[in-house]
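This report concerns only the one structure given below.
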Amino acid sequence: MRKPFIAGNWKMNMTHIEAIQFFDDFKFNYENKNNCEVAFCPPFTAIRSVGTVIEGDKIDIKLGAQNMYFEESGAYTGEVSPIMLKALNVEYVILGHSERREIFNEKDEDINKKIKAAFNNELKPILCVGEQLEIRESGKAEDYVLGQLDNCLKDIEEKNIGLLTIAYEPIWAIGTGKTATSDDANNMCKAIRKKLANLYNEDVAEKVRIQYGGSVKPHNITELMAKSDIDGALVGGASLKADDFLAIINY
Ligand code: PGA
């Protein structure tokens, strides 16, 4: 049985002070009736503050980052290393988010290096994959997403794969209010799992959690989570509102 995993991606929102204020509200209303694993991925500048609140108040929430570089240290102005994240008790790191790919030109090859660096430093990657609208409309979405997996997982050892989370995020559904139908989302998640079984084996494929992401809201989470191969959600906009995110966790 895969434990449901709901992660909030704050993107470039919330100063560290706003983050602390968010938790003032969130922690008093925190309830987790489905016993999900819950993570927040704040911007780098708020990770320390969120970590302090979570530890101080003993809230059962994991800390994640939204990106990192694949080198451990050195002359890489503006980058953050896996060692730096680990030192802040970060457990998860989102890699290959479509905004990183589209705005900052990240390639599958870079993401592959980042996944390796994450595992080398005992961080658990949340690997994002997903197609553009033109690709979906041309009927090639599955080939495209499975191709991203081939490239991003190249030479990743089987022993680490159980620690990987994959987030299927169709790009046309992110921040747009459009969601994939729960059947389309589940079909892609199933295809991803089958691909993992081909690349590795059935046992590992059954362990990997696959999240859906793209305009997940309190009104659509229940239907998504009822599907066989959707194990959680990567939530952007709705994770910035304590009430909405609590409603999503308690779908
Ligand atoms: P959204 O973002 O929930 O605001 O669509 C999801 C994501 O980009 O991870």
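The values are calculated or read from the model by the stated rules, or taken from the named source; none is laboratory data. This structure is a prediction, so every number in the text was calculated from the model and none was measured. Glycine also receives a Cβ, built like all others from the backbone with ideal geometry; neighbour counts cover every protein chain displayed. All accessible areas refer to the heavy atoms of the entire protein, side chains included, with ligands and DNA or RNA removed. Shrake-Rupley method; radii C 1.70, N 1.55, O 1.52, S 1.80 Å.
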Worksheet entry | Percent RCO, i.e. relative contact order, over the chain, from Cα pairs under 8 Å lying at least 6 residues apart | 21 percent
Practice prompt. Taking the Cα centre of segment 5-249 as origin, work out the dipole magnitude from +1 charges on Lys and Arg Cβ and -1 charges on Asp and Glu Cβ, in debye rounded to 20.
Written response: 120 debye
Response to the item:
Note: residue 73 to residue 219 extended length (0.36 nm per residue) minus current alpha-carbon separation gives 48.2 nm
Response to the item:
GNM on the chain, Cα springs under 10 Å; top mean-square fluctuation among 90, 53, 145 goes to 53
Item to complete: Once you have the Cα-Cα distance between residue 35 and residue 59, take 0.36 nm times their residue separation minus that, and quote the gain in nm to one decimal.
Response: 7.3 nm
Worksheet entry | In segment 70-132, the chymotrypsin sites (Phe, Trp or Tyr not before Pro) that fall in loop regions by DSSP, at most 13 other Cβ within 10 Å | 76, 104
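Go through segment 75-164 and name the GluC sites (Glu not before Pro) that are in a DSSP coil and have 13 or fewer other Cβ atoms within 10 Å of their Cβ.
Passing sites in segment 75-164 are 122, 157.
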Practice prompt. Would you work out the relative contact order for segment 176-251, in percent, from Cα pairs under 8 angstrom that are 6 or more residues apart?
Written response: 32 percent
Practice prompt. Report residue 73's accessible area, 1.4 Å probe, all protein chains in place, as a number in Å² to the nearest 10.
Written response: 90 Å²
Discussion item. Rounded to two decimal places and with Rh computed the Kirkwood way over Cα pairs, what is Rg over Rh for the chain?
Written reply: 0.94
Item to complete: Quick one: pull the percentage of alpha-carbon pairs in segment 1-111 with a separation above 23 Å.
Response: 32 percent
Fill in: segment 5-249, accessible surface, carbon-and-sulfur percent (1.4 angstrom probe)
48 percent
Item to complete: Ignoring everything but the protein chains, give the 1.4 Å probe accessible area of residue 97 in square angstrom, nearest 10.
Response: 10 Å²
Fill in: Solvent exposure ordering (accessible area, 1.4 Å, most first) of 1, 14, 84, 68
1, 84, 14, 68
Worksheet item: Using helices alone, what [θ] at 222 nm do you get for the chain, with -39,500 (n - 2.57) per DSSP H run of 4 or more residues, divided over all residues and rounded to the nearest 500?
Response: -12500 deg cm²/dmol
Worksheet item: For 193, 100, what's the largest-to-smallest order of accessible area, 1.4 Å probe?
Response: 100, 193
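Round to the nearest 0.05 the FRET efficiency obtained for residue 203 and residue 120 when R0 = 25 Å and r is the Cβ-Cβ distance.
0.60
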Worksheet item: Of 188, 205, 146, which is farthest along the charge dipole of the chain in the positive direction, counting Lys and Arg as +1 and Asp and Glu as -1 at C-beta?
Response: 205
Practice prompt. Ignoring everything but the protein chains, give the 1.4 Å probe accessible area of residue 33 in square angstrom, nearest 10.
Written response: 130 Å²
